[in-house]
1. Of everything in region 44-69, what is under 25 Å from L27 (Cα atoms) and in a helix (DSSP H, G or I)? Give them in sequence order.
2. Just a yes or no: is a residue in region 20-32 part of a helix (DSSP H, G or I) and under 27 Å from L91 (Cα atoms)?
3. Say whether the condition of being among the hydroxyl-bearing types (S, T, Y), part of a helix (DSSP H, G or I) and more than 18 Å from T10 (Cα to Cα) is met by at least one residue in region 75-89.
4. Name the residue, out of L42, L79, L88, L66, that is in contact (Cβ under 8 Å) with a residue 12 or more places away in the chain, touching an Asp or Glu at 6+ places or on another chain (Cβ under 6 Å) and open to solvent by less than 90 Å² (accessible area, probe 1.4 Å).
5. For residues that are within 22 Å of R63 (Cβ to Cβ) and at pLDDT 90 or above, tally how many sit in region 20-45.
6. Could you run through region 29-62 and say how many residues are under 26 Å from T4 (Cα atoms) and aliphatic (A, V, I, L, M)?
7. Output the residues belonging to region 16-39 that are open to solvent by 60 Å² or more (accessible area, probe 1.4 Å) and in contact (Cβ under 8 Å) with a residue 40 or more places away in the chain.
Amino acid sequence: SGATAVDMDTAVVADVCSRAGVPFGCLRAISDDVDTYMSENLLAVIQGGGVRPTRLLTVILRRPALIAELLRLGAHTRLAAKRLAVGLEELLRSG
């Protein structure tokens, strides 16, 4: 499609707001791109949108190398949060 990003989660909320006549806007930041590797072990831990702490501990004990992947994921998430904050500040200043 040539799209830079795809955000299917927000589309659901936008549709509900549109049907209810509620104004809607969204500002999102992307932490990882499509080429970012994520091991099957990490995917299993974060499946369903939340982290299961006991599962995470078990996986780390079995595969300590996963710690590096978690650190990378954390760094990308912090960077995305900082960029989101900058975008929100700019949006609030312009409004």
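The values are calculated or read from the model by the stated rules, or taken from the named source; none is laboratory data. All values reported here derive from a predicted model rather than from experimental measurement. Please note: Cβ atoms are built from the backbone with ideal geometry, for glycine as well, and neighbour counts cover all protein chains shown. With ligands, DNA and RNA removed, areas are computed over all heavy atoms of the protein, side chains included. Shrake-Rupley method; radii C 1.70, N 1.55, O 1.52, S 1.80 Å.
1. Once the filter is applied, which keeps residues that are under 25 Å from L27 (Cα atoms) and in a helix (DSSP H, G or I), region 44-69 yields only I46.
2. Yes, some residue in region 20-32 is part of a helix (DSSP H, G or I) and under 27 Å from L91 (Cα atoms).
3. Yes, region 75-89 has at least one match.
4. After ruling out the rest, the residue left standing is L42.
5. 0
6. The total comes to 7.
7. If the condition is that a residue be open to solvent by 60 Å² or more (accessible area, probe 1.4 Å) and in contact (Cβ under 8 Å) with a residue 40 or more places away in the chain, then L27, R28, I30 are the ones that fit.
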